[in-house]
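Visitor: Handing you a structure now.
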Amino acid sequence: MLHGEAIEPPPLWLMRQAGRYLPEYREIRSKAPDFLGFCFDPDLATEATLQPIRRYGFDAAILFSDILTVPHALGARVWFAEGEGPRLEPVRDARAADALQFDATKLAPVYETVRRVRAALPASTTLLGFAGAPWTVAAYMVEGSGSRDWIEAKRWAYGRDGFDLLIDRLVDATVEHLALQLEAGADAVQIFDSWAGALDPAGFERFVIEPTRRIVGRLKQRVPGARVIGFPRQAGALYPRYADATGVDGMSLDSGVPLDWAVGAIDRKVALQGNLDPLRLLAGGASLDASVDAIRRATHGRSFIFNLGHGVLPPTPPEHVAQLVERVRA
Ligand code: 1CP
């Protein structure tokens with residue numbers, strides 16, 4: 001689905017298709033003491049990856065893991081405070097960035113999960129691996145948690161030396177992590193830059209475009225035929241630039257992007273993905289059907305992968321996902 005051809009109906013998967021909106025996920029999640037332990041248990045992570053495929057028959061499975069496994073493998077302490085989201089030991093200067101060393105053996109259970117999922121999936125179902133983009137992962141590492149404004153991360157990125165060293169370490173680790181997933185059996189990978197929209201255009205060029213361009217180039221050299229989807233969330237008018245400059249094969253669009261504009265403005269050799277507002281899915285009913293139809297119309301004849309503009313939200317009724325699948329394939 002990443003070779004530039006238009007497929008009707010479009011292939012379909014959803015960001016966060018595994019997760020708390022599914023009762024069967026909540027059931028197995030309660031068996032693990034903490035969230036990283038859950039990600040690093042190949043039995044549980046394989047099961048969580050397969051659950052939404054069994055229930056809905058999506059065209060792609062996405063590995064169940066998290067973007068913050070990479071800081072963990074770099075030696076930064078990461079934990080998930082129950083109900084509060086991620087916490088990290090902050091990295092705030094060049095010395096701390098220089099001390100980071102990627103140890104892929106810490107992520108061996110993730111690659112084992114990829115192998116098991118690939119073996120369990122039908123050949124026609126694509127398996128997607130993923131990683132966070134350097135800017136987004138750096139933002140969590142500098143803040144020590146999620147944030148609305150990313151003040152500490154941007155203060156360092158814009159104002160002091162050493163931030164590029166952190167980005168460089170993350171570029172190296174991300175190439176390695178994605179290559180190992182592809183070598184274990186992932187068919188393609190997605191790079192999540194969830195906080196790309198927090199940067200100004202100069203910052204976007206230096207900390208989103210440049211590192212992603214290096215990752216895509218190096219990955220395609222190391223793994224011939226590697227396919228990459230980029231997701232610079234809330235990039236707005238900079239989406240076409242990202243498509244031209246990074247070398248990605250596909251690009252995911254958030255829900256704020258007018259699709260008619262994107263279809264005209266983004267190079268046709270880059271497949272598009274996404275855009276349905278996760279709240280349309282949560283709300284369901286006629287508004288969900290109408291939104292699905294509008295996306296199908298706007299992307300007709302274009303290489304397109306049906307998806308949301310961001311992840312499935314935990315209060316989403318599972319029946320609404322069934323409604324979406326039926327409507328997309330109607
Ligand atoms: O207890 C739980 O169940 C924790 C909730 C949860 C889940 C289900 C977290 C914690 N991570 C995940 C899985 C996850 N994370 C996947 C699995 C595959 C799938 O999509 O089904 C993926 C791809 C991610 C990627 C991820 N983690 C991103 C990028 C995508 C996005 O949502 O923007 C980010 C930013 C994270 C960090 C993270 N991990 C977990 C949470 C709650 C967060 C976000 C914290 C914040 O808002 O800052």
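The values are calculated or read from the model by the stated rules, or taken from the named source; none is laboratory data. Note that the coordinates shown come from a computational prediction; the quantities given were computed from them, not determined experimentally. Every residue, glycine among them, receives a Cβ derived from its backbone with ideal geometry; neighbour counts consider all protein chains shown. Please note that ligands, DNA and RNA were not included when accessible areas were found on the heavy atoms of the full protein model with its side chains. Shrake-Rupley method; radii C 1.70, N 1.55, O 1.52, S 1.80 Å.
Visitor: If you take the residues in the range 78-96 that are open to solvent by 50 Å² or more (accessible area, probe 1.4 Å) and assigned to a loop (DSSP other than H, G, I, E, B), which one is farthest from the ligand (Cβ to nearest atom)?
Guide: Asp93
Visitor: Also, quick follow-up: Of the numbered conditions (1) within 17 Å of Phe192 (Cβ to Cβ); (2) of a type outside the set (D, E, K, R); (3) free of Cβ contacts under 8 Å to residues at least 12 places away in the same chain, Trp261 satisfies every one except a single condition; which is it?
Guide: (1)
Visitor: Name the helices (runs of 4 or more DSSP H) wholly within the range 34-77 that hold at least 2 residues that are under 13 Å from Arg118 (Cα atoms) and within 11 Å of the ligand (Cβ to nearest atom)?
Guide: Output list reads 42-56.
Visitor: Yes or no: Asp168 within 13 Å of the ligand (Cβ to nearest atom), open to solvent by 40 Å² or more (accessible area, probe 1.4 Å), at pLDDT 95 or above and more than 22 Å from Met15 (Cβ to Cβ)?
Guide: Spelling it out, it is not the case that Asp168 is within 13 Å of the ligand (Cβ to nearest atom), open to solvent by 40 Å² or more (accessible area, probe 1.4 Å), at pLDDT 95 or above and more than 22 Å from Met15 (Cβ to Cβ).
Visitor: Name, by its number, the condition in (1) more than 14 Å from the ligand (Cβ to nearest atom); (2) under 24 Å from Ala94 (Cα atoms); (3) touching a residue at least 24 places away in the same chain (Cβ under 8 Å); (4) open to solvent by 20 Å² or more (accessible area, probe 1.4 Å) that does not hold for Glu183.
Guide: (2)
Visitor: Can you work out which of the residues in the range 119-135 that are outside any loop (DSSP other than H, G, I, E, B) and open to solvent by 50 Å² or more (accessible area, probe 1.4 Å) is nearest to the ligand (Cβ to nearest atom)?
Guide: Only one residue tops the list, namely Ala120.
Visitor: Please enumerate the residues belonging to the range 311-328 that are crowded, with 22+ Cβ neighbours inside 10 Å and assigned to a loop (DSSP other than H, G, I, E, B).
Guide: Val312, Thr316 - these are the residues of the range 311-328 that are crowded, with 22+ Cβ neighbours inside 10 Å and assigned to a loop (DSSP other than H, G, I, E, B).
Visitor: Next question, about the same structure. Any residue at all in the range 229-245 that is more than 14 Å from the ligand (Cβ to nearest atom), among the small types (Gly, Ala, Ser) and closer than 26 Å to Ala97 by Cα?
Guide: no
Visitor: Next question. Given the criteria away from the ligand (no atom under 15 Å from the Cβ), at pLDDT below 95 and either farther than 27 Å from Arg16 by Cα or in contact with a Gly (Cβ under 7 Å, 6 or more places away or on another chain) (or both), does Gly159 qualify?
Guide: Yes: the conditions hold for Gly159.
Visitor: Next question. Please enumerate the residues belonging to the range 1-33 that are part of a loop (DSSP other than H, G, I, E, B), within 26 Å of Phe231 (Cα to Cα) and within 15 Å of the ligand (Cβ to nearest atom).
Guide: Scanning the range 1-33 gives Trp13, Leu14, Met15, Arg16, Gln17, Ala18, Gly19, Arg20, Tyr21, Leu22.
Visitor: Here are the criteria: (1) touching a residue at least 40 places away in the same chain (Cβ under 8 Å); (2) within 16 Å of the ligand (Cβ to nearest atom); (3) open to solvent by 10 Å² or more (accessible area, probe 1.4 Å). Tell me which single one Ser147 does not satisfy.
Guide: So the condition that Ser147 fails would be (1).
Visitor: Does any residue of the range 81-97 turn out to be farther than 16 Å from Gly144 by Cβ and touching an Asp or Glu at 6+ places or on another chain (Cβ under 6 Å)?
Guide: No, the conditions are met nowhere in the range 81-97.
Visitor: So which residues in the range 297-310 are part of a helix (DSSP H, G or I) and either within 22 Å of Asp193 (Cβ to Cβ) or among the charged types (D, E, K, R) (or both)?
Guide: Arg297, the sole residue that qualifies.
Visitor: Of the numbered conditions (1) in contact (Cβ under 8 Å) with a residue 60 or more places away in the chain; (2) over 18 Å from the mean Cα position of the chain (by Cα), Arg297 fails exactly one; give the number of that condition.
Guide: Of everything listed in (1) in contact (Cβ under 8 Å) with a residue 60 or more places away in the chain; (2) over 18 Å from the mean Cα position of the chain (by Cα), Arg297 misses just condition (1).
Visitor: Go through the residues of the range 180-194 one by one and say whether even a single one is in contact with a Pro (Cβ under 9 Å, 6 or more places away or on another chain) and assigned to a helix (DSSP H, G or I).
Guide: No, the range 180-194 contains no residue that is in contact with a Pro (Cβ under 9 Å, 6 or more places away or on another chain) and assigned to a helix (DSSP H, G or I).
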